[in-house]
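**Student:** Sharing a structure below in structure tokens format, with a few things to ask.
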Amino acid sequence: MTTRSWRSRGYLPHWEVGASPQAITFRLADSLPSTVLDRWQAELEHLQSDTKSLERRKRIETALDHGHGEALLSDPNAAEIVEHAFLHFDGARYELHAWCIMPNHVHVIVTPRDDWTLADILHSWKPFTAIQINKLLNRKGALWAREYFDRAIRDDVHFANAVAYTEMNPVKAKLCARPDDWRFSSAWRFPWERRPPAGST
């Protein structure tokens with residue numbers, strides 16, 4: 001039986017579901033002004049917790065596609081650091097199903113392996129890539145926002161929809177015409193194949 005447990009970091013609760021596919025979004029620290037986030041927090045305060053989290057996520061993901069901040073991941077060398085971090089532990093700490101590195105945020109779908117939690121996996125990505133990208137760009141300070149979004153994949157249909165959402169993000173943001181035109185994504189790397197989530201039939 002899969003071990004499940006709640007965690008909370010910052011504004012968001014996270015649902016650790018063990019060896020089940022997870023869709024994750026995380027963003028650069030300057031991708032959204034704190035004043036905007038605080039305003040949304042106040043505007044959504046009257047909603048129930050689950051509804052509030054979902055609405056906040058929708059607003060953030062819509063705003064991210066407008067490319068706020070320095071968009072440091074527009075630098076191909078910076079994006080490559082993140083992509084290599086994803087690929088490095090694929091098959092060891094997790095199964096990597098899909099990803100898309102946007103100018104100011106990232107979408108990725110993974111299934112954790114063995115005793116690796118989602119928190120462990122994010123910690124293996126974010127500090128390492130922050131150090132490497134800051135060094136590359138000769139900058140200091142926080143690179144990534146502290147919070148991230150995660151959502152457990154329920155079934156094969158949800159999995160297919162999550163992959164499509166991930167890989168269509170640059171098309172939706174009008175950065176390219178087709179998903180496989182976007183260099184730093186699974187659609188570009190694997191245009192004709194898609195690995196199913198672990199345990200699917």
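The values are calculated or read from the model by the stated rules, or taken from the named source; none is laboratory data. Just so it is clear, the structure is predicted and the values come from calculations on it, not from any experiment. Glycine also receives a Cβ, built like all others from the backbone with ideal geometry; neighbour counts cover every protein chain displayed. Accessible surface is based on the protein model in full, side chains and every heavy atom, while ligands, DNA and RNA are left aside. Shrake-Rupley method; radii C 1.70, N 1.55, O 1.52, S 1.80 Å.
**Student:** How far is it, in nm, from the label point at Glu147 to the one at Ser53 when both lie 7 Å from their Cα along the line to the Cβ?
**Tutor:** 1.1 nm
**Student:** Please work out how much length the chain gains when fully extended from Lys174 to Asn134, using 0.36 nm per residue of separation minus the C-alpha to C-alpha distance, in nm with one decimal.
**Tutor:** Taking Lys174 through Asn134 to full extension adds about 11.7 nm, to one decimal.
**Student:** Now, a different point. Express the carbon and sulfur contribution to the solvent-accessible surface of the stretch 103-185 as a percent, rounded to the nearest whole number, probe 1.4 angstrom.
**Tutor:** In the stretch 103-185, the share of accessible area belonging to carbon and sulfur is 55 percent.
**Student:** Note the direction-averaged projected area, equal to a quarter of the hull surface, for the Cα convex hull of the stretch 118-185, in nm².
**Tutor:** Seen from a random direction, the Cα hull of the stretch 118-185 projects 6.2 nm² on average.
**Student:** Which chymotrypsin sites (Phe, Trp or Tyr not before Pro) does the stretch 92-201 hold that lie in a coil by DSSP with at most 14 other beta carbons within 10 Å?
**Tutor:** Within the stretch 92-201, the qualifying chymotrypsin sites (Phe, Trp or Tyr not before Pro) (loop, at most 14 other Cβ atoms within 10 Å) are Trp192.
**Student:** Still on this structure: Would you list Lys140, Lys126 from the most to the least accessible area, probe 1.4 Å?
**Tutor:** Final ranking, largest accessible area leading: Lys140, Lys126.
**Student:** Now a separate question. Once the Cβ-Cβ distance between Leu44 and His88 is put in as r, and R0 is 41 Å, what FRET efficiency do you end up with, to the nearest 0.05?
**Tutor:** Efficiency, from the Cβ-Cβ distance: 0.65.
**Student:** In Å², what does the accessible area per residue of the stretch 75-201 work out to with a 1.4 Å probe?
**Tutor:** 50 Å²
**Student:** Give the aspartates and glutamates reachable from Lys174 as a straight Cα distance under 19 Å; neighbours fewer than 8 places away on the same chain don't count.
**Tutor:** Glu61, Asp65, Glu70, Asp75
**Student:** I've got another one for you. Can you compute the equivalent ellipsoid semi-axes for the stretch 63-201, i.e. the square root of 5 times each eigenvalue of the Cα gyration tensor, sorted largest first and rounded to whole Å?
**Tutor:** 23, 19, 13
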